[in-house]
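Beneath this line is the structure, given in structure tokens, with notes to follow.
We did not get these values from a lab; they are worked out from the coordinates using the rules stated. Keep in mind the model is a prediction, meaning the values are calculated, not measured. Here Cβ is always computed from backbone atoms with ideal geometry, including for glycine, and neighbour counts include all displayed protein chains.
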Amino acid sequence: MTRKNVDPADRGPAAGTEVSWAPLAEQAAAEVNARYGHRLLGLPGTWIGSLTQGPHPLRLPRRPWPEWHYWWQAHYLDAVVDSGFAHLRSGSRLAARAELQRGHALLRGILLRNAGRFPNYFFDDMAWLALAAGRLNQLSLRTVAKPARLAGRANTTLTGQLHSAYDDVLGGGIYWSRKRDFKNTPANGPAALHLARIGETDHARALMDWLRAELFDPATGLYLDGVHPTPAGRSVETTIYSYNQGTVLGVLLELGSPEDLRQAAALVDAVARNLGDPAGGTRLQPGGGDGSLFTGILCRYLALAARDTRLPAHTRRTASGLVTGTAQQVKGLPPRQLSDAVQRWTILSAAASL
């Protein structure tokens with residue numbers, strides 16, 4: 001149901017109850033690393049996140065390996081990088097170096113757990129890891145003034161994979177998986193953002209233009225899930241997912257033309273109208289699993305909008321209110337598995353960055 005457009009900044013904590021988000025984000029980081037993180041097979045210089053809390057065996061059975069989710073690990077890496085940048089902002093360079101080291105180990109663990117290669121079956125997964133690896137490289141440049149070699153290797157490999165996912169079927173866009181029967185916002189959003197960040201702005205804009213033409217819903221101002229090619233033309237999946245709005249928002253801010261910024265401001269307003277929670281912030285996805293990452297992803301990019309002085313002041317206030325309102329919802333929630341633990345960490349880090 002569409003809600004009335006209420007500025008979420010007006011639904012925040014009452015006066016005198018302001019929260020210091022940075023310590024809560026640090027606590028969430030420590031909890032994730034202690035409860036879910038461990039060396040892969042006990043190997044020095046590696047790190048990985050288990051789906052559920054420990055104890056974590058040093059040896060994995062030959063068959064079957066415990067279940068894992070490549071894209072959960074990518075968001076774990078993004079959260080580690082968040083902590084590294086937070087420590088830099090606070091002047092704690094030694095702590096930032098520790099997070100950089102953990103990020104290197106996690107990327108190495110992902111590589112080894114994925115049979116010694118970065119590509120996998122899903123192009124959206126690869127786009128997420130490319131984004132996280134790119135941010136890890138930036139953290140390395142800021143912290144130790146040199147690039148992260150493994151992150152550079154991941155970026156080169158995964159960028160090539162994303163290029164291969166593009167064709168002219170349905171007028172453009174990249175596929176969700178190697179089955180090549182579905183093009184969607186979950187793949188095109190993060191892929192466009194990655195390409196924009198590495199300087200391939202023409203390709204990023206082409207993906208964004210395709211998304212706008214194929215999957216933008218004027219009735220809500222939000223982006224739909226995806227589209228299948230059919231013998232008759234196309235079949236659209238009309239579900240609206242919160243995290244898709246986040247990555248599109250990130251692309252618009254990264255491209256940054258006046259029209260991009262106008263669309264970004266309108267998208268923040270649309271998120272507030274359609275995805276806001278009456279208690280403040282944005283609605284959380286129930287049920288765990290992949291969905292327990294969705295709101296965290298949205299808040300990551302809302303925080304970028306809240307800090308972007310190119311946007312109107314009321315847009316920044318709205319974005320900020322959505323983030324802090326969501327942080328209020330999750331700060332006392334005990335996580336049940338890696339996805340919602342990383343989401344909680346991501347949301348608290350987003351609030352701490354404002």
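Given charges of +1 on the Cβ of Lys and Arg and -1 on the Cβ of Asp and Glu, with all other atoms neutral, how large is the dipole of segment 199-335 about its Cα centre, in debye to the nearest 20?
Values: 12 positive and 14 negative charges, 114 e Å.
Around 540 debye, computed over segment 199-335.
Could you run the Debye sum over the Cα atoms of the chain, one equal point scatterer each and no solvent, and tell me log10 of I(q)/I(0) at q = 0.07, 0.10, 0.12, 0.13 Å⁻¹, two decimals?
So the normalised log intensities work out to -0.28, -0.58, -0.85, -1.01.
Provide the convex hull volume over Cα atoms per residue for segment 180-232, in Å³. Mind showing how you got there, number by number?
On the way: hull volume 4.8 nm³, N = 53.
So the per-residue Cα hull volume is 90 Å³.
In what sequence, highest mean first, do 263-270, 278-285, 70-77 appear when ranked by Cβ atoms within 10 angstrom?
70-77, 263-270, 278-285
When Glu18, Glu214, Glu99 are ordered from fewest to most other Cβ atoms inside 10 Å of their Cβ, what list results? Please report the intermediate quantities before stating the final value.
Numbers: Glu18 10, Glu214 21, Glu99 25.
Arranged by neighbour count, lowest to highest, Glu18, Glu214, Glu99 become Glu18, Glu214, Glu99.
Leu333 label point, 7 Å along Cα→Cβ, cut-off 16 Å on backbone N: hits in segment 300-319?
300
Tell me what the chain gives for mean residue ellipticity at 222 nm when only DSSP H runs of n ≥ 4 count, each as -39,500 (n - 2.57), the sum divided by the residue total, rounded to 500 deg cm²/dmol.
Values: 12 runs with 201 residues, N = 354.
About -19000 deg cm²/dmol.
At a 10 Å Cβ-Cβ cut-off, how would you order Ile240, Ile48, fewest neighbours first?
Numbers: Ile240 17, Ile48 22.
So the ranking, lowest neighbour count to highest, is Ile240, Ile48.
Per residue of segment 199-215, what does 6.51 cos²θ - 1.76 cosθ + 1.60 with θ = phi - 60° give for ³J(HN,Hα)? Whole Hz please, x for Gly and Pro, Karplus curve as stated.
After applying 6.51 cos²θ - 1.76 cosθ + 1.60, I find x, 8, 5, 5, 5, 4, 5, 4, 5, 5, 4, 5, 4, 5, 6, 9, 10 Hz.
Among residues other than Gln263 whose Cβ falls under 14 Å from its Cβ, what is the net charge (Lys/Arg +1, Asp/Glu -1)? Show your work: numbers first, answer last.
Values: positive: Arg205, Arg212, Arg262, Arg310; negative: Asp209, Asp217, Glu254, Glu259, Asp260, Asp269, Asp308.
Combined, the nearby Lys, Arg, Asp and Glu give -3.
Enumerate the residues in segment 68-84 having an amide nitrogen under 16 Å from the point lying 7 Å beyond the Cα of Val144 toward its Cβ.
81, 84
Would you order Lys183, Lys146 from fewest to most other beta-carbon atoms within 10 Å of each residue's own beta-carbon?
Details: Lys183 29, Lys146 9.
Exposure proxy ranking, most exposed first: Lys146, Lys183.
Of the options Asn120, Ser92, Thr201, report the single residue whose Cα projects farthest towards the positive end of the charge dipole of the chain (beta-carbon charges: Lys, Arg +1; Asp, Glu -1).
Sorting the options by dipole projection puts first Ser92.
Could you work out how far the C-alpha centroid of segment 300-319 sits from that of segment 148-199, in angstrom?
For segment 300-319 versus segment 148-199, the Cα centre distance is 27 Å.
Where the only charges are on Cβ atoms (+1 Lys, Arg; -1 Asp, Glu), what is the dipole of the chain about its Cα centre, to the nearest 20 debye? Spell out each step's value before the answer.
On the way: 39 positive and 29 negative charges, 254 e Å.
Here the chain has a charge dipole of around 1220 debye.
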